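A.B. asks: Take a look at this one; I'll ask things after.
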Amino acid sequence: MTYDTIPSVDIIEKTVLAVGARNVSVHLVNTKEEALEKVKSLIPDGAEVMTGSSTTLQQIGFVDLLKSESHPWKNVKEAIVAEKDGVKQAELRKLSVSADYFLGSVHAITEDGQTVTASASGSQIPSYAFTSDNVIWIAGAQKIVPTLDSAFARIRDYVYPLEDARMKSVGMGGSVIAKMFIFEREVMPNRHIHLVLVKEVLGF
C-alpha cells in the first residue's frame, strides 16, 4: 500500500462526512495556501496559541508566521523557547497544554472518521484529548487510510522511518513511537475540534 498518494474524490468526501459525524468541524481546501488562510480565520485576535512539532505546520507557513510576530495572537511557544532555565522551561511546557488554541497534525485518518497520532514525548496528546478548548489539525489528504489497522501500519511502516531520519538529520538521536492517541469523537460541549484537510501531500 502506498501512503503518499491523494485518494479519490469519493474517498475524500466519504472521510469528510465520517469525521464530521464525530463532532469535528472539517474544512476541505485545495492548497496549503488556502489551508493557512483557513487556519488564520479560525483563531480570534488575542487568543493564546500553542503548536506541536509538525512538518505540516511548517509547510503551510504557519510556523514562519508565528516567528514573524506579524499576527494578532499570543505565541505560547515563544515564551518557552526564550526561557533558558531548564526547570522553568519544563514547567512552561506543562502549562502550555492548556493553551486555548492548540495546533498540530495527525498521522492517519480512517475512512470511518477516526484519527491516529503517534508521539515520542506525548506532549501534544493532552491538548488533543482534553486540555485545550480549541484544537486545529491540518493534514494532507494522503493521510487517509481505509481502516484503523491500516492507520497503525501507516505510522509504523511509513511515518516512523521518515520522522526517525528527519531527527537524525538535524543531529538528534532519532525518534521512537512511544505513545499513540486514537480520537474517536468529541463529547465535551466546551471543546471545538477542527480538521483542515488539504488536497495536497503535506507532512508525513
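A.B. asks: State all residues of segment 154-204 that are among the aliphatic types (A, V, I, L, M), touching a strand residue (DSSP E or B) at 6+ places or on another chain (Cβ under 9 Å), outside any helix (DSSP H, G or I) and within 20 Å of residue 3 (Cα to Cα); if no residue qualifies, say none.
C.D. replies: 177, 180, 182, 195, 196, 197, 198, 201, 202
A.B. asks: Ok, one more. If you take the residues of segment 131-153 that are in a helix (DSSP H, G or I) and among the hydroxyl-bearing types (Ser, Thr, Tyr), which of them is surrounded by the most Cβ atoms within 10 Å (Cβ to Cβ)?
C.D. replies: My answer is 150.
A.B. asks: If you don't mind, there's one more thing I want to ask. Which of the residues that make up segment 116-153 are in contact (Cβ under 8 Å) with a residue 40 or more places away in the chain, of a type in the set (S, T, N, Q) and over 19 Å from residue 178 (Cα atoms)?
C.D. replies: 132, 134, 142
A.B. asks: Please find, among 145, 201, the residue that is hydrophobic (A, V, I, L, M, F, W, C) and touching a Lys or Arg at 6+ places or on another chain (Cβ under 6 Å).
C.D. replies: It is 145.
A.B. asks: Sticking with this one: Name every residue in segment 50-82 that is in contact with a strand residue (DSSP E or B) (Cβ under 7 Å, 6 or more places away or on another chain), among the aliphatic types (A, V, I, L, M) and over 18 Å from residue 123 (Cβ atoms), in order of residue number.
C.D. replies: Of everything in segment 50-82, just one residue is in contact with a strand residue (DSSP E or B) (Cβ under 7 Å, 6 or more places away or on another chain), among the aliphatic types (A, V, I, L, M) and over 18 Å from residue 123 (Cβ atoms), namely 60.
A.B. asks: Kindly list, by first and then second residue, each pair from a residue in segment 32-47 that is closer than 14 Å to residue 194 by Cα to a residue that is part of a helix (DSSP H, G or I), limited to pairs with Cβ atoms under 7 Å and residues at least 6 apart or on different chains.
C.D. replies: Here the result reads 35/60; 36/60; 36/62; 39/62, each pair linking segment 32-47 to a residue that is part of a helix (DSSP H, G or I).
A.B. asks: Given (1) at pLDDT below 95; (2) in contact with a His (Cβ under 7 Å, 6 or more places away or on another chain), where does residue 171 come up short, assuming only one miss?
C.D. replies: Looking at each condition in turn, residue 171 falls short on (2).
A.B. asks: Right, here's the next one. Taking the options 49, 39, name whichever one is assigned to a helix (DSSP H, G or I) and either of a type outside the set (Val, Ile, Thr) or under 21 Å from residue 97 (Cα atoms) (or both).
C.D. replies: Sole residue among the options that is assigned to a helix (DSSP H, G or I) and either of a type outside the set (Val, Ile, Thr) or under 21 Å from residue 97 (Cα atoms) (or both): 39.
A.B. asks: If you don't mind, another one. Sort out which residues of segment 6-16 are loosely packed, with under 12 Cβ neighbours inside 10 Å and either closer than 12 Å to residue 109 by Cα or hydroxyl-bearing (Ser, Thr, Tyr) (or both), and write them in order of number.
C.D. replies: Hit for segment 6-16 is 8, nothing else.
A.B. asks: Of all the residues that make up segment 44-53, how many are at pLDDT 95 or above and within 15 Å of the chain's Cα centre (by Cα)?
C.D. replies: Total satisfying the criteria: 3.
A.B. asks: Out of the residues in segment 29-42 meeting the condition of being surrounded by fewer than 16 Cβ atoms within 10 Å (Cβ to Cβ) and of a type in the set (D, E, K, R), tell me which one is nearest to residue 59 (Cα to Cα).
C.D. replies: Out of the qualifying residues, it is 33.
A.B. asks: Out of all the residues in segment 78-89, is one or more over 16 Å from the mean Cα position of the chain (by Cα) and at positive phi?
C.D. replies: no
A.B. asks: Among the residues of segment 20-28, are any within 17 Å of the chain's Cα centre (by Cα), in a helix (DSSP H, G or I), touching a residue at least 24 places away in the same chain (Cβ under 8 Å) and surrounded by fewer than 18 Cβ atoms within 10 Å (Cβ to Cβ)?
C.D. replies: Yes: one or more hits.
The values are calculated or read from the model by the stated rules, or taken from the named source; none is laboratory data. Every value quoted in this text rests on a predicted model; they were computed, and no experiment measured them. Because the Cβ atoms are built from the backbone with ideal geometry, glycine has one as well, and the counts that use them run over all protein chains shown.
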